[in-house]
1. Please label the shape of the range A:15-148 as rounded, prolate or oblate, based on the square roots a ≥ b ≥ c of the eigenvalues of the alpha-carbon gyration tensor (a/c under 1.5 means rounded; beyond that, a/b larger than b/c means prolate, else oblate).
2. Mind grabbing the base-10 log of I(q)/I(0) for the range C:88-169 at q = 0.19, 0.27 Å⁻¹? Debye formula, identical points on the C-alpha positions, no solvent, two decimal places.
3. Cα atoms only: what Rg and Dmax, in Å, come out for the range B:28-230?
4. Report the gain in length on full extension from residue A:337 to residue A:19: 0.36 nm times residue separation, minus Cα-Cα distance, nm rounded to one decimal.
5. In whole Å, what three semi-axes, largest first, describe the equivalent ellipsoid of the protein assembly as shown built from its Cα gyration tensor (square root of 5 times each eigenvalue)?
6. Please compute the average number of Cβ atoms from other chains found within 10 Å of each residue's Cβ in peptide B:233-244.
7. With a 10 Å cut-off between alpha carbons and a GNM built on chain A, which of A:285, A:215, A:62 moves the most?
8. To the nearest 0.05, how large is the calculated FRET efficiency for residue C:143 and residue A:311 if R₀ is 51 Å and r is the Cβ-Cβ distance?
């Protein structure tokens, strides 16, 4: 009884919160945009700005994994592999061929996406956990290749002096905040991509697979194809992020892409709320910022990431921001218009 | 003359590596059994098992360092590791079962646990590789032209005895009966008065204890211990369990031996950097060709 | 030739013959019921019709084309859709989203349309949403479209499943115990709705336990017991059939 009451209260709270946001969405969006755009002018040190950029990077990684794990229900333990492929491919393209950042990043993302497809194809008929293990194997194999293929990857020494992107003749750096703004643009684009996908038949197919795969099949959804698509999109996003990371940090080595990175991305997705976009930002902000804020916990940060997984599953599996919207379903504009018209017609006929 | 000699050498190497592989494979089987037992009862792949294995080796090392003597150190490690297994279940997994959480929740929880254990080991024992005493080194034993290290013989024999012992527990004891009943249908088992939570704890204890024995054996063989050691070995054991058919005990033994031997051969003939990739290749091939493994049963899709 | 023709299909699980040379036919615009005791093999038949299981022998043809041993997705595409005995909705999705998943297979816009929100995307998305609302209205769930499926009472969840099956533009709808868990009034409404469906041109195959429902609604009935067809006919014939009564009363011996 009490529990129900509590549930009702929290639902109510969510509804109030959501209505508030809906009502003031223009000012809220405006203020957030102003803050994000103005951050570099608020006198933060370069160190802090770098943390902001890392939060952006992990938001992108989380958004990428979220497509696969949050929406489609496939747990990948090998996203560090896609991240590495994006980073190495883009770096090599710009180091050896002098490709500019955009071309290099897209090259990295495309190769990551192709690998996503290759990983997904043989594994899609596997049940959840097996698939996770194969993705883990993939992540390790990528690392092994990076270490052993020294002719190209320079082995354990890694790649140095990865050039910073330059756009419109301007070299983007940390000092001129170009990297920060590039991060904002990428985060915005990836968020847009995710939103557009999720609010479509593609997103509904993803979610139906997570909810009940057999029922989805029986509705005619080609589940293997959609699972592969989820893999490809997820890997693509992760690959682009890898390219950005490499050019931001300037130096990569195989050990930048360990299993710990994969679990960190999962922790963010789960902490923020699987299957939500808002949660990814909160998740990465908190999990990336906390070891910096609590310096004494630096050594324990991977322990804390592990604890986050265990505690969230136990006490709040839906994640911090993982509530279900209590607002009415957003009907497409055309539908609203035609329903209105119908209502009017009905009224007219009633009046007659 | 020299041709014959090389041919002889090759034959010797092949046999030598076979022994290496068999000894290692038996130890993998011991770890694989831990995956299999837990999977059989909970339909869960216990991701933290590799970290549990690493824990056991560090505990043994700790007690040896404290001058407990080798045998007491091993026994303590076995008991404490078994308890760690139970603790993982009691603190993290049992509450999820009570809440009827989705399967993904338990999987993620065990990943989290693995992270916690491994990183705590790193904090308390450093990330460096530490040397581990060669417990069972009594010199070389000759079989014709092939020399076998006594460590390997001990590893093989001890693992074999333990696996037989485990099989006996499962097939002949009351606890084993309860385990099998819980595996078939945990609800019905609990209605018949079986304390399923106890059975699950016992399973985790047995899994942890066998991992500890494997941990001591393998560490004694390589004479090296480090916090990340469980990751690769855990995966190899998992590959072994899947190859044999996860949930099938003797399958784990066959799987372990196949993984162990192919790893030895790969390291010898293709270079040691390929040592670790063999298990992945086996795992991926099995999952693609026959996901139920060699001896696993196929589930009928229920609608 | 019959609209749906099932010719001597057999399914074995290990040594157990779950369905043994069962044949039946369904004509267009008909309501046909398959009845039988628990474990008789009714749901297995549905699973074979919808491609969840392959068949070991026999054949199934729909409108003249063989459809056995094809992928479930293709069978939905051909025009056969179903509901499940234990409800299988997408519990954390809204009612309307559940039904929209049903329209998925008839929604033709692609990836590029989605990314760029092309007119095609907008048009189709609007059409399908309207269609979903229309179906939900007709089944009496018009006030529930915003709810999450898991929050609905049992009877309404069954209705959502039916709505979802209709949304695939199926020609034949297989209903697996649609009245289970409904109160008499609800099941009365459901019967009326199923009849309306038939009158609109849908063909219905029904598995049902509730004899009241079956006798009331069926045009014809097939009785299955132990994987075999033991009787077929009009409701009145079945009601008086000695073998059927025995099967239902639990194997009373003939000489008893």
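A short reminder: the numbers here are calculations on the coordinates, not readings from a lab. Being a predicted model, the structure only gives us computed values, none of them experimental. Using ideal geometry, Cβ is built from the backbone for each residue, glycine included, and neighbour counts are taken over all protein chains shown.
1. Values: a/c = 2.57, a/b = 1.36, b/c = 1.89.
Here the range A:15-148 falls in the oblate category.
2. Relative scattering, expressed as log10 I(q)/I(0), comes to -0.75, -1.23.
3. Gyration radius and largest Cα-Cα distance of the range B:28-230: 18.0, 61 Å.
4. Values: separation 318, 0.36 × 318 = 114.48 nm, distance 2.18 nm.
Answer, rounded to one decimal: 112.3 nm.
5. Numbers: eigenvalues 510, 319, 126 Å².
Over the Cα atoms of the protein assembly as shown, the semi-axes work out to 51, 40, 25 Å.
6. On the way: counts 0, 0, 4, 0, 0, 4, 2, 0, 0, 2, 0, 0.
Mean inter-chain Cβ contacts per residue within 10 Å come to 1.
7. Largest GNM mean-square fluctuation: A:215.
8. Working: r = 39 Å, r/R0 = 0.77.
E(calc), rounded to 0.05, equals 0.85.
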